[in-house]
Amino acid sequence: MSYIQSIIAVLTNLGLWISGVAVLFMVFLITLEVAGRKLFGFSTLVADEFSGYLLVVTTFMGGAYTLKTKGFTRMEAIYNRFKGGSRWMIDLAFSLVSLVFLTVVDYWLWVHILSSYRSGLTSISIFQTPLYIPPTVYGDRRYFSCVSSGTRNSWSIPRAEDQPYRRGLTVMGWELAFILNSFVLLILLVGGEWIAFSLGAAGLFALFLQGGTVNFHPLGSVVWNSVNNFTLTAIPLFVFMGEMVLHGGLGQRFYRGMGLIFLRLPGGLLQANIASCAIFAAVTGVSVATAATVGRWRSRNCLNEGMTER
């Protein structure tokens, strides 16, 4: 068991380093694109495409370390009440739920990969990258470093029109299906499952209720196209900027300045946080990056001021 755990630890740390290198390459590509357009009037023509691929690397490769360090969010009000064997059983049950969710998504992603390979689709950039290559490289790197799944028959691509339509449980009506799905989601969230996996598992359950497994067919393309998005590269880049500001000391001086202005007012700490978020949001324009970056700054300052994580 310790040998397996050591392998998982090595793979997790390797994924973390690969994710960090991907962010640095993303910074280099976008900086080169901006400088080329602004100073020399030329474009690399590939920055948006390859930055999207690097975002996928960052998301999938860094997911295992995020899970290990409890970077995902969960509702712990009831979960923390369980101790010993009870908590172990809950963790095991929810780990199996997460594993089933990732296996289903991984299966249909490979179906999407094989479909792209058969059709010979390429990107519209000057490199004309075959569209099956990027998801093949990243397709089996899910949030668990040690888990990868494939199709039962690697070269047999199921098509929706070839599959018998299975209506799942729609005979019960949409009202009862809605109640069932809400109940499942509530159990997962309140029980302590990670919110990301809770929403994903509940989504799969809802798809099954509305038409059976045939509704899973577009999962591969939806997952890939959702993550491979150049617009979303702003999030890790602004978080990266926030880390540099934090460790460079600018964050401390920034909050010290906000404190001089707002801490004399009632609820001064809250007012300083709101003003900081407003300023950073005005600079970035990305609410997710603002929450992640300012939250990172503020948590460090709160701990330094004697507050607890609770």
Options 272, 289: the member that is part of a helix (DSSP H, G or I), among the hydrophobic types (A, V, I, L, M, F, W, C) and modelled with pLDDT of 70 or more: 272
Taking the stretch 182-198 only, how many residues are in a helix (DSSP H, G or I) and either under 16 Å from residue 88 (Cα atoms) or among the β-branched types (Val, Ile, Thr) (or both)? 6
Given the criterion within 25 Å of residue 102 (Cα to Cα) and without any contact (Cβ under 8 Å) to a residue 12 or more places away in the chain, identify the matching residue among 41, 71, 63. 71
Based on this model, can you work out whether residue 140 counts as within 18 Å of the chain's Cα centre (by Cα) and either modelled with pLDDT of 80 or more or at negative phi (or both)? yes
Considering only residues that are under 15 Å from the mean Cα position of the chain (by Cα) and crowded, with 17+ Cβ neighbours inside 10 Å, which ones fall in the stretch 191-226? 194, 196, 197, 198, 200, 201, 223, 224
Among (1) surrounded by 13 or more Cβ atoms within 10 Å (Cβ to Cβ); (2) closer than 30 Å to residue 201 by Cα, which single condition is residue 83 missing? (1)
So which of 66, 59, 73 is within 19 Å of the chain's Cα centre (by Cα) and in a loop (DSSP other than H, G, I, E, B)? 73
Could we say that residue 253 is modelled with pLDDT under 80 and not in a helix (DSSP H, G or I) here? no
Flag if residue 265 is of a type in the set (A, V, I, L, M, F, W, C), at pLDDT 75 or above and out of contact with any helix residue (DSSP H, G or I) (no Cβ under 9 Å at 6 or more places or on another chain): no
Meets criteria (modelled with pLDDT under 85 and either closer than 30 Å to residue 87 by Cα or not in a helix (DSSP H, G or I) (or both)) for residue 221: no
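The values are calculated or read from the model by the stated rules, or taken from the named source; none is laboratory data. Because the structure is predicted, anything quoted here is derived from the model rather than measured. Cβ: placed from backbone, ideal geometry, glycine included. Neighbour counts: every protein chain shown.
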